[in-house]
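Asks: Okay, handing you the structure first.
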Amino acid sequence: MPETIEVRPSPKPRHVFTVQGNLLAVPAGWELLPPGDAALSRRIKADGPHWIVKEKKGRKVFSRGIWAPAKRIEALRLALETERADPAYTRKLEQSRARRARQESAYQEDFKQALIDYLGFHPRYELLAKRLADLIGNHATPVGSGTVARTQRIPIEKRAEAATIAWLRHQTTAYDHMHIPRQKGARREVRRMLAQESKCLLAGYRQGTRIDVENCPLQKALQTSDR
């Protein structure tokens, strides 16, 4: 059945599982293109029938390659190698990388400003807000980090709020060491409760209240980050 489908790995050589759980034999003459060459993978997908292999582990989904006709993979690989050997390709690639770097730098600055806006600290704590925004932004914005800061599905203001609450959850609460029952909704409820605690923590800085730096979880987290 040479068509374009998504499949799951199988321990049986040259076999895969469909998303419905059915075992399929890989068509004769096909080979597995490992993940790693994004340009070649895109061309394989655009050129004809192929099977995309994905594996889910926990909440994450990993690419395990693409099954496609071996002759087609080899032909497209050779064409791509020839193209890459052309100096014009190198110049184009460098220009593309420079453009992405500029875009990424601009996004990081925009995101850190969104963090500062969300924090909304009293002028007394302005420097602390900038420092906290740097810490959260440096953690959340790198490409491939998989954090909420990288999604485009929600406005940047919501991304900043979610990233702040997530950082505070891990840095100022006992969340990482909690034993949470494996029950539906249990983890969500714990996160909701801790989010409220984090917002209460931020309220003091927003109001300009004098903070007990010896016992403030945020101050302790900032001290830890300096080490």
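Asks: Of everything in the range 73-94, what is part of a helix (DSSP H, G or I) and not aliphatic (A, V, I, L, M)? Give them in sequence order.
Replies: Glu74, Arg77, Glu81, Thr82, Glu83, Arg84, Pro87, Tyr89, Thr90, Arg91, Lys92, Glu94
Asks: Now for a different question. What about Leu32, is it touching a helix residue (DSSP H, G or I) at 6+ places or on another chain (Cβ under 6 Å), closer than 27 Å to Gly144 by Cβ and not aromatic (Phe, Trp, Tyr)? Before the answer, list the steps.
Replies: Details: touching a helix residue (DSSP H, G or I) at 6+ places or on another chain (Cβ under 6 Å): no; closer than 27 Å to Gly144 by Cβ: yes; not aromatic (Phe, Trp, Tyr): yes.
Spelling it out, it is not the case that Leu32 is touching a helix residue (DSSP H, G or I) at 6+ places or on another chain (Cβ under 6 Å), closer than 27 Å to Gly144 by Cβ and not aromatic (Phe, Trp, Tyr).
Asks: Taking Tyr118 as meeting all but one of (1) in a helix (DSSP H, G or I); (2) modelled with pLDDT under 95; (3) hydroxyl-bearing (Ser, Thr, Tyr), write down the number of the exception.
Replies: Going through (1) in a helix (DSSP H, G or I); (2) modelled with pLDDT under 95; (3) hydroxyl-bearing (Ser, Thr, Tyr) one by one, Tyr118 breaks only (2).
Asks: Moving on. Could you check the range 188-208 and list, in sequence order, the residues that are surrounded by 10 or more Cβ atoms within 10 Å (Cβ to Cβ), free of Cβ contacts under 8 Å to residues at least 60 places away in the same chain and closer than 18 Å to Gly120 by Cα?
Replies: Ala195, Gln196, Glu197, Ser198, Lys199, Leu201, Ala203, Gly204
Asks: Do any residues in the range 95-111 that are within 20 Å of Arg159 (Cβ to Cβ) and assigned by TED's automatic domain parsing to the domain that holds Asn138 have Cβ atoms under 6 Å from those of residues that are surrounded by 10 or more Cβ atoms within 10 Å (Cβ to Cβ) and among the β-branched types (Val, Ile, Thr), where the two are at least six apart or on different chains, and which pairs are they?
Replies: Qualifying pairs under 6 Å: Gln108/Thr141; Phe111/Thr141.
Asks: Another question, if that's okay. Hey, does the range 169-187 have a residue that's under 16 Å from the mean Cα position of the chain (by Cα), within 18 Å of Ala221 (Cβ to Cβ) and crowded, with 18+ Cβ neighbours inside 10 Å?
Replies: The answer is no, given that none of the residues of the range 169-187 is under 16 Å from the mean Cα position of the chain (by Cα), within 18 Å of Ala221 (Cβ to Cβ) and crowded, with 18+ Cβ neighbours inside 10 Å.
Asks: Ser63 - would you say it is part of a strand (DSSP E or B), without any contact (Cβ under 8 Å) to a residue 40 or more places away in the chain, of a type in the set (S, T, N, Q) and out of contact with any helix residue (DSSP H, G or I) (no Cβ under 8 Å at 6 or more places or on another chain)?
Replies: Numbers: part of a strand (DSSP E or B): yes; without any contact (Cβ under 8 Å) to a residue 40 or more places away in the chain: yes; of a type in the set (S, T, N, Q): yes; out of contact with any helix residue (DSSP H, G or I) (no Cβ under 8 Å at 6 or more places or on another chain): yes.
In short, yes.
Asks: Here is a follow-up. For Arg97, are the conditions met, namely being of a type outside the set (Gly, Ala, Ser), under 21 Å from the mean Cα position of the chain (by Cα), within 23 Å of Val143 (Cβ to Cβ) and assigned to a helix (DSSP H, G or I)? Don't jump to the end; show me each part of the working.
Replies: Values: of a type outside the set (Gly, Ala, Ser): yes; under 21 Å from the mean Cα position of the chain (by Cα): yes; within 23 Å of Val143 (Cβ to Cβ): yes; assigned to a helix (DSSP H, G or I): yes.
It is true that Arg97 is of a type outside the set (Gly, Ala, Ser), under 21 Å from the mean Cα position of the chain (by Cα), within 23 Å of Val143 (Cβ to Cβ) and assigned to a helix (DSSP H, G or I).
The values are calculated or read from the model by the stated rules, or taken from the named source; none is laboratory data. It should be emphasised that the depicted structure is a prediction, and the values quoted were computed from it without experimental measurement. We place every Cβ from the backbone using ideal geometry, glycine too, and count neighbours over all the protein chains shown.
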